[in-house]
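Enquirer: Here it is, the structure in full.
The values are calculated or read from the model by the stated rules, or taken from the named source; none is laboratory data. Everything numeric here is computed off the predicted structure, so don't read it as measured data. In this analysis, Cβ positions are derived from the backbone assuming ideal geometry, glycine residues included, and neighbour counts consider all displayed protein chains.
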Amino acid sequence: MSNFEVIIYEKRNNIGYVTLNRPQALNAYNIQMRDELYQVLGAIKDDSEVRVVVFAGAGERAFCAGADLTEFLTAPSPVIARQVRWERDVWGLFLSIDKPLIAALHGYVLGDGIEIALCCDIRLASEDAQFGMPEPGLGIIPAAGGTQTLPRTINKAKALEMLLTGKWINAEEALRLKLVNQVIPRKELLPRAEELANKIAAYDPIAVSYAKQAIIRGLDLSLEQGLELEARLGSHCHG
Ligand code: COA
C-alpha cells in the first residue's frame with residue numbers, strides 16, 4: 001500500500017484501489033490531490049499487475065465536493081486557479097488508461113468529483129449520492145473535461161441543463177439519465193464495486209483492454225473506421 005497525503009493507493013488481487021482522502025474537506029480536489037493523482041494514474045497505467053481500478057472517496061459524506069475553494073481564494077482569480085490545475089494533464093492521463101476504471105460514488109459528487117467519475121467506465125452510486133456542476137455559479141467552466149465527457153455520457157439537453165443552471169440531481173435521477181450504471185445501498189457500494197472488479201480482473205487482460213479501447217476510441221470514429229479498429233484489435237486477441 002502506498003500512502004500519499006491526500007490519496008490512498010492500494011493493490012490487492014490485481015485490483016488497484018484509489019481513495020480520495022480529505023474527508024474533513026469532503027475530499028475537495030486540491031493541488032496536492034492533483035499531483036498525487038497524477039502519480040497514481042501513471043503507476044496504474046504502467047503496472048501490468050493492475051487489471052482494473054476502483055475509485056472511491058473517504059469518509060461518510062462525499063466522494064468529492066469539487067475543486068478546493070480555499071485555493072480559489074488564494075489564487076489571483078478563479079481562472080488562474082483553473083489554469084494551475086491544468087498544469088499537469090491529469091485528465092488526459094486518466095482518459096489514456098486502457099484498463100477498466102470503476103467509480104464508487106457516495107454523498108456529494110460535485111464539479112471535479114463528477115469529472116473524475118466521468119473518466120471512469122462504470123459508475124456505481126449509493127442511494128445518498130448527489131451530483132452537481134457548480135462551476136458557472138463560480139464564474140468558471142469545468143476544468144477536467146466535464147463539458148466534453150458529460151454530454152458524451154448523458155443526453156445533451158440534460159448536460160446543458162445541469163451545467164447551465166447548476167441543478168443538482170439525486171442518485172435515482174442520475175440512474176435515469178444514465179450518468180450512473182447502478183444505485184446501491186450505501187453499505188453495499190464498495191463490496192459491489194469490488195465484486196465487479198474481481199469479475200473483470202479474472203478475464204484475459206488483453207481482451208478486456210481491447211474491448212474498452214474498441215468502444216471508447218470507436219466512439220470518436222465513423223462506423224467504418226470503428227469496424228476497422230475492432231477488426232484490428234480482434235486479430236491481436238489471444239483467445
Ligand atoms: N473546497 C474546500 N473545502 C470544502 C469544499 C470545497 N469545495 N466543500 C466542502 N468543504 C469543507 C467545508 O469548508 C467544511 O470545512 P470546515 O468543517 O473546516 O468548515 C467541510 O468541508 C464540510 O463542509 P460544509 O460546507 O460544512 O458541509 P455542508 O453539509 O454544510 O455543505 C456542501 C456541503 C457540499 C453543500 C458545501 O460544502 C458546498 O457547497 N461545498 C462547495 C461545493 C462547490 O462549489 N465546489 C466547487 C465546484 S467547482
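Enquirer: For the subset of region 18-40 comprising residues that are in a helix (DSSP H, G or I) and within 14 Å of the ligand (Cβ to nearest atom), which member is surrounded by the fewest Cβ atoms within 10 Å (Cβ to Cβ)?
Expert: 24
Enquirer: Here's a check for you: in region 139-181, which residue that is small (Gly, Ala, Ser) and more than 15 Å from the ligand (Cβ to nearest atom) is farthest from residue 29 (Cα to Cα)? Please lay out each step first, then the result.
Expert: Taking region 139-181 as the starting set, the residues that turn out to be small (Gly, Ala, Ser) are 139, 143-146, 157, 159, 166, 171, 174.
Adding the requirement that they be more than 15 Å from the ligand (Cβ to nearest atom) leaves 157, 159, 171, 174.
Numbers: 157: 27, 159: 22, 171: 21, 174: 22 Å.
Top of the filtered list is 157.
Enquirer: Given the residues 128, 89, 121, 112, which is the only one that is within 16 Å of the ligand (Cβ to nearest atom) and surrounded by fewer than 22 Cβ atoms within 10 Å (Cβ to Cβ)?
Expert: Numbers: 89 fails: within 16 Å of the ligand (Cβ to nearest atom); 121 fails: within 16 Å of the ligand (Cβ to nearest atom); 112 fails: surrounded by fewer than 22 Cβ atoms within 10 Å (Cβ to Cβ).
It is 128.
Enquirer: Follow-up. Name the one entry in 59, 66 that is buried (at least 22 other Cβ atoms within 10 Å of the Cβ), within 14 Å of the ligand (Cβ to nearest atom) and not hydrophobic (A, V, I, L, M, F, W, C).
Expert: One residue alone meets the criteria, 66.
Enquirer: Mind telling me which of the residues 215, 169 ends up being touching a strand residue (DSSP E or B) at 6+ places or on another chain (Cβ under 7 Å) and free of Cβ contacts under 8 Å to residues at least 40 places away in the same chain?
Expert: That would be 169, the only listed residue that is touching a strand residue (DSSP E or B) at 6+ places or on another chain (Cβ under 7 Å) and free of Cβ contacts under 8 Å to residues at least 40 places away in the same chain.
Enquirer: Still on this structure, I have one more. Just one of 117, 125 is out of contact with any helix residue (DSSP H, G or I) (no Cβ under 7 Å at 6 or more places or on another chain), of a type in the set (A, V, I, L, M) and at pLDDT 95 or above; which is it?
Expert: 117
Enquirer: Residue by residue through region 46-56, note down the ones that are surrounded by fewer than 16 Cβ atoms within 10 Å (Cβ to Cβ) and of a type outside the set (Gly, Ala, Ser).
Expert: Once the filter is applied, which keeps residues that are surrounded by fewer than 16 Cβ atoms within 10 Å (Cβ to Cβ) and of a type outside the set (Gly, Ala, Ser), region 46-56 yields 46, 47, 49.
Table: residues versus (1) in contact with a helix residue (DSSP H, G or I) (Cβ under 9 Å, 6 or more places away or on another chain); (2) closer than 23 Å to residue 96 by Cβ; (3) in contact (Cβ under 8 Å) with a residue 40 or more places away in the chain; (4) among the aromatic types (Phe, Trp, Tyr).
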{"position": "4", "(1), (2), (3), (4)": "yes, yes, no, yes"}
{"position": "15", "(1), (2), (3), (4)": "yes, yes, yes, no"}
{"position": "28", "(1), (2), (3), (4)": "yes, no, yes, no"}
{"position": "36", "(1), (2), (3), (4)": "no, yes, no, no"}
{"position": "42", "(1), (2), (3), (4)": "yes, yes, yes, no"}
{"position": "54", "(1), (2), (3), (4)": "yes, yes, yes, no"}
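Enquirer: Now for a separate question. Determine whether region 138-158 contains at least one residue that is among the β-branched types (Val, Ile, Thr), over 20 Å from the mean Cα position of the chain (by Cα) and under 20 Å from residue 115 (Cβ atoms). Steps first, please.
Expert: Of all residues in region 138-158, those among the β-branched types (Val, Ile, Thr) come to 140-141, 147, 149, 153-154.
This time we only want the ones that are over 20 Å from the mean Cα position of the chain (by Cα), so: 140.
With the extra rule that they be under 20 Å from residue 115 (Cβ atoms), the set shrinks to 140.
Looking through region 138-158, at least one residue is among the β-branched types (Val, Ile, Thr), over 20 Å from the mean Cα position of the chain (by Cα) and under 20 Å from residue 115 (Cβ atoms).
Enquirer: Would you mind stating whether residue 74 is among the β-branched types (Val, Ile, Thr) and modelled with pLDDT under 95? Working first, answer last.
Expert: Numbers: among the β-branched types (Val, Ile, Thr): yes; modelled with pLDDT under 95: yes.
For residue 74, the condition - among the β-branched types (Val, Ile, Thr) and modelled with pLDDT under 95 - is met.
Per-residue answers, yes or no, for (1) under 23 Å from residue 136 (Cβ atoms); (2) surrounded by fewer than 20 Cβ atoms within 10 Å (Cβ to Cβ); (3) touching a helix residue (DSSP H, G or I) at 6+ places or on another chain (Cβ under 8 Å):
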| site | (1), (2), (3) |
| --- | --- |
| 153 | yes, yes, yes |
| 172 | no, yes, no |
| 179 | yes, no, yes |
| 182 | no, yes, yes |
| 188 | no, yes, no |
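Enquirer: Under 7 Å between Cβ atoms, which residue pairs at least 6 apart in sequence (or on different chains) link something in region 104-119 that is part of a helix (DSSP H, G or I) with a partner that is more than 14 Å from the ligand (Cβ to nearest atom) and among the basic types (Lys, Arg)?
Expert: Cβ pairs passing all conditions: 117/123.
Enquirer: For residue 199, are the conditions met, namely being without any contact (Cβ under 8 Å) to a residue 40 or more places away in the chain, part of a helix (DSSP H, G or I) and under 20 Å from residue 52 (Cα atoms)? Don't jump to the end; show me each part of the working.
Expert: Working: without any contact (Cβ under 8 Å) to a residue 40 or more places away in the chain: yes; part of a helix (DSSP H, G or I): yes; under 20 Å from residue 52 (Cα atoms): yes.
Judged against the criteria, residue 199 is a match.
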